[in-house]
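Each remark here refers to the structure printed beneath this line.
We did not get these values from a lab; they are worked out from the coordinates using the rules stated. All values derive from a computational prediction rather than experimental measurement. We place every Cβ from the backbone using ideal geometry, glycine too, and count neighbours over all the protein chains shown.
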């Protein structure tokens with residue numbers, strides 16, 4: 001209930017404040033486990049995408065965000081779960097696979113951290129590994145404009161969220177070359193969505 005109320009409020013707020021344009025909602029599978037993989041520009045990204053994703057999104061979030069306790073309570077009620085950055089967090093991977101097994105939507109930012117220059121960068125191995133182990137489709141998602149909110153004198157830029165067509169990993173989960181190639185294809189797709197829709 002808390003998630004639905006907050007999602008509705010943010011949807012209205014972002015639509016009015018930022019004139020948010022959403023493209024490709026029809027590409028989001030209505031049922032079954034899926035991975036939403038997006039570029040990462042700012043801390044605005046999770047709530048912006050979550051407000052327009054037609055399904056609840058469970059995000060991997062850095063463990064520091066869960067302290068103090070009140071912050072942890074709110075974040076957990078938004079379906080987020082902690083992950084240790086810079087390390088192979090098996091617990092987080094297990095939790096992520098559990099979410100996908102329950103036919104839910106998992107939200108990840110493949111680059112692992114926010115982009116400082118606004119460009120997409122190399123993805124870490126996690127997103128491809130999760131796709132390989134779960135066989136869940138990956139929906140490449142492009143976010144445009146969140147890095148300009150209240151930055152450099154900017155106030156209320158128009159935001160865009162673009163959902164691309166689902167991508168499937170068809171190799172073996174222990175094939176490092178195939179995993180790296182799939183990760184690159186995801187980021188290439190996101191980059192292409194950004195370039196096409198930045199001109200519209």
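Once the piece of chain linking residue 94 and residue 5 is laid out straight, how much longer is it, given 0.36 nm per residue of separation minus the C-alpha distance between them?
Working: separation 89, 0.36 × 89 = 32.04 nm, distance 2.87 nm.
29.2 nm is the gain from fully extending residue 94 to residue 5.
Taking neighbour counts of Cβ atoms within 10 Å as a proxy for exposure, in what order, fewest first, do 188, 45, 117 appear?
Values: 188 13, 45 22, 117 8.
So the ranking, lowest neighbour count to highest, is 117, 188, 45.
Beta bridges from DSSP with both residues in the chain: antiparallel share about 25 percent, rounded to the nearest 5.
Computing FRET efficiency as 1/(1 + (r/R0)^6) for residue 135 and residue 114, where r is the C-beta to C-beta distance and R0 is 25 Å, gives about 0.30.
Distance between the modelled labels on residue 174 and residue 101, one decimal in nanometres: 2.0 nm (7 Å Cα→Cβ projection).
Only helical runs count toward this figure. For the chain, summing -39,500 (n - 2.57) over DSSP H runs of n ≥ 4 and dividing by all residues gives -12000 deg cm²/dmol at 222 nm.
Can I get the semi-axes of the chain's equivalent ellipsoid? Compute them from the C-alpha gyration tensor as square roots of 5 times the eigenvalues, in angstrom, largest first.
Working: eigenvalues 120, 83, 55 Å².
They are 24, 20, 17 Å, listed largest first.
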